[in-house]
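The values are calculated or read from the model by the stated rules, or taken from the named source; none is laboratory data. Everything numeric here is computed off the predicted structure, so don't read it as measured data. Here Cβ is always computed from backbone atoms with ideal geometry, including for glycine, and neighbour counts include all displayed protein chains. The area values use the complete protein model at the heavy-atom level, side chains included, leaving out ligands, DNA and RNA. Shrake-Rupley method; radii C 1.70, N 1.55, O 1.52, S 1.80 Å.
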Amino acid sequence: MAKKNRVWNAWKQVSPIKTWFHRKKKVNQWAYIVRDEYAIKAQKAWFRARSVYKLLEIQERFWLIKPEFSVMDIGCAPGSFLQAIRNIVREKIIIWVDLKEVKPFSYPNVKTIVQSIFEYDELSKSVIDIVWDDRFDLITSDIAPNTTWVFDVDQYASVELNIAICEFSDRFLKKGWNMLLKVFKWEDFNDLAMQVRSRFEKFVTYKPVACRDSSHEEYVICFNKIKD
Ligand SMILES: C[S@@+](CC[C@H](N)C(=O)[O-])C[C@H]1O[C@@H](n2cnc3c(N)ncnc32)[C@H](O)[C@@H]1O
């Protein structure tokens, strides 16, 4: 074992490739830690995920969430978006939806649904059971597919999830109101843009500072739903 270590250390010292690799790895790790001040900040502030800072930045810029709103948050686990939303919306209903079970909050105005956005009928039924015939003033989503690490596949899965949310908004978002989506923006983005354009007066895309540089994720802020 000791011999193996000696050989390994000696090889590390003489091998230019290994030395270069090691230096690169160190730099990357360091950069990752510095960039991930958001993860540390989130932990200190008792937020369940660093994504909350993306929502807070969007909120500061676009003022999407208002205290008198009812909100639906889709793809919500582990729940940091919800924590930020609940800090503003104290009384009106907030429904959060995810495939995964989420650790519940004990706020009376927060209701959980564990279902997929693709299960349109079942999900609609669960929502109606909670809100009756009501609709939401705002839909937020930070949904992301399970990554396969084949970027083409992941970005299309992300577009498909968002198209399903657009269809859901037809029934559950009030006319004249807004929606926030997150997408892996790449070559299939136009498929989603078409769906959004047919439903909303305008949209903008925005990448918060808290998104990692390496990530292709962007938020799509859809303003003023056209149809009832
Ligand atoms: C990036 S996480 C959301 C983080 C969350 N916004 C927060 O602040 O804690 C993306 C979520 O989308 C969910 N998701 C993926 N596919 C889904 C689907 N078909 N229906 C509902 N949720 C889905 C995943 O389970 C995952 O929890």
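Contact map, the stretch 171-190: first residue within 22 Å of Trp132 (Cβ to Cβ), second residue of a type in the set (S, T, N, Q) and assigned to a helix (DSSP H, G or I), Cβ cut-off under 8 Å, separation 6 or more or different chains; pairs are Arg171/Ser124; Phe172/Ser124; Met179/Ser169. Residue-level check: of (1) exposed (fewer than 15 other Cβ atoms within 10 Å of the Cβ); (2) within 30 Å of Trp186 (Cβ to Cβ); (3) of a type in the set (Gly, Ala, Ser), Gly79 misses just (1). Scanning the stretch 174-198 for residues that are open to solvent by 30 Å² or more (accessible area, probe 1.4 Å) and outside any strand (DSSP E or B) returns Lys185, Trp186, Glu187, Asp188, Asn190, Asp191, Met194, Gln195, Arg197, Ser198. Within the stretch 64-80, one or more residues are away from the ligand (no atom under 12 Å from the Cβ) and assigned to a strand (DSSP E or B). Within the stretch 11-31, is even one residue of a type in the set (Phe, Trp, Tyr), open to solvent by 40 Å² or more (accessible area, probe 1.4 Å) and at pLDDT 50 or above? No, there is no match, as no residue in the stretch 11-31 is of a type in the set (Phe, Trp, Tyr), open to solvent by 40 Å² or more (accessible area, probe 1.4 Å) and at pLDDT 50 or above. Within the stretch 35-63, being within 11 Å of the ligand (Cβ to nearest atom) and either assigned to a loop (DSSP other than H, G, I, E, B) or open to solvent by 70 Å² or more (accessible area, probe 1.4 Å) (or both) holds for Phe47, Arg48, Ala49, Arg50, Ser51.
Taking residues in the stretch 151-164 that are within 13 Å of Trp186 (Cα to Cα), and partners anywhere that are open to solvent by 30 Å² or more (accessible area, probe 1.4 Å) and among the aliphatic types (A, V, I, L, M), the pairs with Cβ atoms closer than 9 Å and at least 6 places apart or on different chains are Asp154/Ala144; Ala157/Ala144; Ser158/Ala144. The criterion of at least 2 residues that are under 28 Å from Trp46 (Cβ atoms), within 14 Å of the ligand (Cβ to nearest atom) and open to solvent by 30 Å² or more (accessible area, probe 1.4 Å) is met by the following strands (runs of 3 or more DSSP E) wholly inside the stretch 93-171: 110-114.
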